Amino acid sequence: MNTVRGAAAYGRGAGAYARVGVETNVMSASPHQLIMMLFDGAQSGLRTARLHMQGGNVAEKGMAISKVLDIVNNGLLAALDMEQGGELAERLASLYDYVGDLLLQANLHNDEQRLDEAARLLDSIGSAWREIGDQIRGA
């Protein structure tokens with residue numbers, strides 16, 4: 001096998017291994033851990049979007065922001081229990097809607113400040129979730 005094909009095969013193998021690792025983590029995660037994974041994925045997507053925005057890679061930036069929007073809308077927002085969560089769930093839903101608007105505007109106008117604001121808000125909420133997890137484990 002030549003070096004190029006060997007490197008490509010290694011890349012595919014490493015990617016498959018990573019996917020299996022992620023799938024295993026998801027399958028064995030608690031609901032709290034799944035939410036934390038969503039926050040981590042959103043932050044990763046925001047970092048990727050920022051890099052592509054700075055590099056002028058419009059398509060890649062758009063894909064990264066779309067990934068974050070998907071996490072926010074179909075992960076974090078969809079996970080809210082509006083009946084059980086009451087006012088807190090309503091406020092989080094409003095905040096997630098606002099983050100979605102920030103992301104759309106950041107994408108449309110190549111606005112790093114809006115991207116940064118979305119990252120700060122998600123980081124703040126994610127930090128609160130981490131503290132809850134620490135309290136649960138400590139109890």
Is it true that Ile71 is more than 23 Å from Arg130 (Cβ to Cβ), at pLDDT 95 or above, within 11 Å of the chain's Cα centre (by Cα) and surrounded by 18 or more Cβ atoms within 10 Å (Cβ to Cβ)? no
Scanning for something closer than 22 Å to Arg130 by Cβ, of a type in the set (Val, Ile, Thr) and either at pLDDT 95 or above or in contact with a strand residue (DSSP E or B) (Cβ under 6 Å, 6 or more places away or on another chain) (or both), does the range 53-67 turn up at least one residue? no
Among the residues of the range 53-66, which ones are in contact with a helix residue (DSSP H, G or I) (Cβ under 9 Å, 6 or more places away or on another chain) and either crowded, with 18+ Cβ neighbours inside 10 Å or outside any helix (DSSP H, G or I) (or both)? Met53, Asn57, Lys61, Ala64, Ile65
Is it fair to say Val99 is under 22 Å from Ser30 (Cα atoms) and within 16 Å of the chain's Cα centre (by Cα)? no
Among the residues listed as Glu87, Glu112, the single one being touching a residue at least 24 places away in the same chain (Cβ under 8 Å) and out of contact with any Phe, Trp or Tyr (no Cβ under 9 Å at 6 or more places or on another chain): Glu112
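The values are calculated or read from the model by the stated rules, or taken from the named source; none is laboratory data. Every value quoted in this text rests on a predicted model; they were computed, and no experiment measured them. Because the Cβ atoms are built from the backbone with ideal geometry, glycine has one as well, and the counts that use them run over all protein chains shown.
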